[in-house]
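Worksheet: one structure, shown below.
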Amino acid sequence: MTADDARAIVSVIPEMTDITVRTASRSRALRMVRWRDLTTMRMRDGLVECLHPLPWVAASWTLAAAGYWIPATGAAFMIFLTALRLNHEAIHHNLGFTPRGHRLVLHALSALMLGSNSAVAFNHLHHHRHVGHADDLEGKCGTMPAWRVLLYGPVFPIEMHRAAWASGGPVLRRRMSIDLTLNVLAISITLASGSAVLLFHIAMMLVAQCLTAFFAVWITHHGCDHAGPVARTQRSRLVNLLTYNMFLHLEHHLFPAVPVKRLALLAERLDTAAPALTAGARSVLPTPFR
């Protein structure tokens, strides 16, 4: 070992020690929070969760059929948001269904949203295990400037699918094949029908997929440090209502077994029992909207 090597090692020891101390402190704080009672989901609770996208599907398709394209676009965005929340719950098995039931939800949503949600699940669970690390494909969007994320957006789902296919093994590839077959079926039915409403829906879902890197990752992770709060949060009840609690992302990362519907209650408990965990967290929307 050279003298330069020795100096390099010594220079990182304080940083490593600081991270270790912060990690131990966070672990102690997490033990102070009651959360296990929030995880119980009955099948009927999961079925209610499955209903969330349906009013927006009805609204978007009705508005599109009437030629009101701008409000139909807004409703289509809400289809994707509520489907993303449902997809997220299925990934973490937070719907109260059997494992097979959660997989069926992922397959069904793949037909609605396009893309393979089985691939999304693979990358998202990897993101939770390795958040902020070099191999965190999903989370790397949070390190980019906003303009770059928007340009990268169309590439993001392609990279996610490619990584899942290459690394996920034969079981995942079979599930992805089911998802993508459903994509082909949905698009084929749309083209065969010639329905302007269905064509509009397909177009909106493709656009939404291209914006996922920005709205589903960057907006909740940019400016965060894996050694500190790894994600942003939101304390505005109105904003959380309008976004279906999807901005309570720090809380989700701390306790992924807690369903999204109960993250607001978890946030209150965190602020009371372990305020140090959320005190340094950044908000998704700026302070005037808190």
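The values are calculated or read from the model by the stated rules, or taken from the named source; none is laboratory data. Predicted model only: the values in this text are computed from it and were never measured. With ideal geometry, Cβ positions are generated from the backbone for all residues, glycine too; neighbour counts draw on all protein chains shown. Remember, those area values only see protein heavy atoms, side chains included, never the ligands or the DNA or RNA. Shrake-Rupley method; radii C 1.70, N 1.55, O 1.52, S 1.80 Å.
Tabulated data for the structure shown
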quantity: Check on TRP69, modelled with pLDDT of 95 or more and more than 20 Å from the chain's Cα centre (by Cα); calculated: yes
quantity: Test: residue in the range 140-154 that is of a type in the set (Phe, Trp, Tyr), surrounded by fewer than 18 Cβ atoms within 10 Å (Cβ to Cβ) and touching a residue at least 24 places away in the same chain (Cβ under 8 Å); calculated: yes
quantity: Residue in the range 229-237 that is open to solvent by less than 40 Å² (accessible area, probe 1.4 Å), among the basic types (Lys, Arg) and either part of a loop (DSSP other than H, G, I, E, B) or free of Cβ contacts under 8 Å to residues at least 24 places away in the same chain (or both) present; calculated: yes
quantity: Residue within the range 243-261 that is under 20 Å from HIS124 (Cα atoms), of a type in the set (Lys, Arg) and part of a helix (DSSP H, G or I) present; calculated: yes
quantity: Selected residue (only one of ARG162, ARG129, ARG103 is farther than 27 Å from GLY46 by Cα and open to solvent by 50 Å² or more (accessible area, probe 1.4 Å)); calculated: ARG162
quantity: Listing of helices (runs of 4 or more DSSP H) fully contained in the range 113-228 that carry 2 or more residues being in contact with a Gly (Cβ under 8 Å, 6 or more places away or on another chain); calculated: 117-129, 155-167, 169-193, 196-212
quantity: Residue match in the range 57-69 (condition: touching a Ser or Thr at 6+ places or on another chain (Cβ under 7 Å), surrounded by 14 or more Cβ atoms within 10 Å (Cβ to Cβ) and either within 23 Å of HIS128 (Cα to Cα) or without any contact (Cβ under 8 Å) to a residue 60 or more places away in the chain (or both)); calculated: no
quantity: Residue match in the range 37-55 (condition: open to solvent by 80 Å² or more (accessible area, probe 1.4 Å), more than 13 Å from VAL260 (Cβ to Cβ), modelled with pLDDT under 90 and not hydrophobic (A, V, I, L, M, F, W, C)); calculated: no
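To keep it simple, each residue is scored yes or no on (1) touching a helix residue (DSSP H, G or I) at 6+ places or on another chain (Cβ under 8 Å); (2) farther than 30 Å from ILE70 by Cα.
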| site | (1), (2) |
| --- | --- |
| MET205 | yes, no |
| ILE219 | no, no |
| VAL230 | yes, yes |
| ASN240 | yes, no |
| MET246 | yes, no |
| GLU251 | yes, yes |
| ARG262 | yes, yes |
| ALA267 | yes, yes |
